[in-house]
1. Using Cα-Cα distances under 8 Å and only pairs 6 or more residues apart, what relative contact order does the chain have, in percent?
2. Extending each Cα 7 Å along its Cβ direction at Leu144 and Arg196, get the distance between those two points in nm, one decimal.
3. Given labels modelled 7 Å from the Cα in the Cβ direction, how far is it in nm from Phe208 to Leu117?
4. Among the helices of the chain (complete DSSP H runs), which have Cα atoms covering no less than 30 Å along the helix axis and a Kyte-Doolittle mean of at least -0.5?
5. Taking other Cβ within 10 Å of each residue's Cβ, how do Cys115, Cys28, Cys92 sort, fewest first?
6. Please report how far the C-alpha centroid of segment 29-73 lies from that of segment 118-184, rounded to the nearest whole angstrom.
7. Which part of segment 135-170 falls in the paramagnetic zone of His5, meaning amide N under 11 Å from the point 7 Å along Cα-to-beta-carbon?
8. Find the Rg to Rh ratio for the chain, where Rh is the Kirkwood radius over alpha-carbon pairs and Rg uses the same atoms.
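Please treat every number below as a calculation from the coordinates, not as lab data. Worth saying up front: this structure is predicted, and the values here are computed from it rather than measured. Every residue, glycine among them, receives a Cβ derived from its backbone with ideal geometry; neighbour counts consider all protein chains shown.
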Amino acid sequence: MKENHLPQRLFMFLAGIFAMSVGVALSCKAGLGTSPISSVPWVVSMFTPWTMGKLTIGLNLLLIIAQPILLRTIYIREILGQLVTLFGFGYCIDFAMSLLFWVEPTEAVGQWTACILSTVILGIGIFLCIRAKIFVAAGEGIVLVIAFVTKLKFSIIKNCFDVTLVLISLAISFGAFEEIRGIGVGTIAGAILVGRWVQLFSNKIHFFDKWAVE
């Protein structure tokens, strides 16, 4: 009987969720624009009393609700898993934002350092969550569902999904401030670099292979 290494994988998963939340918080603090998946909550948090974490929970709840509607069936385990992941991720983002209260770069070097570091930390978090194979995040879940329903490649749907979120964020920003806020070169950097970091870590870090499950 194969060992599923659940305790180790659970630790990896929780560490990955926390790393992702720190990466998101740091990208917000950098001031160059956060990642596409976090862009809508970040922009809305700028003119509402709700925190980044709570808005992240709200947006992702909508993504979770959309999945059984598109599939026309409900997979209870997957939905519950995404809900547990979502609430943990949302509250971790708020904790990370308070933890990084001192990070307020004003010069380009500091902003870019924080931005690039945020992509690295996000990449580490995503890598750990993927390797753990516990639950998928709501953002990944909706993309998987749309790809399944439309029979299109995951990468194509992922790109379209990210672009859609950024366009929504831009529309909200213009509507609220009549200018672009929360979206910038950091958003582009995140969209390009995070996936590259995940691929690099997957190719180079083999310490967790001993806990892998098929």
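1. Values: 297 pairs, mean separation 81.8, N = 214.
Relative contact order here is 38 percent.
2. 2.7
3. Placing both labels 7 Å beyond Cα along the Cβ direction yields 2.2 nm.
4. Details: long enough: 6-30 (35 Å, 1.36); 76-99 (34 Å, 1.19); 108-132 (36 Å, 1.73); 154-177 (34 Å, 1.70).
Answer set is 6-30, 76-99, 108-132, 154-177.
5. On the way: Cys115 25, Cys28 28, Cys92 22.
Arranged by neighbour count, lowest to highest, Cys115, Cys28, Cys92 become Cys92, Cys115, Cys28.
6. If we compute the Cα centre of each part, the gap is 10 Å.
7. Counting backbone N atoms under 11 Å from the label point, the list is empty.
8. Here the Rg-to-Rh quotient is 0.96.
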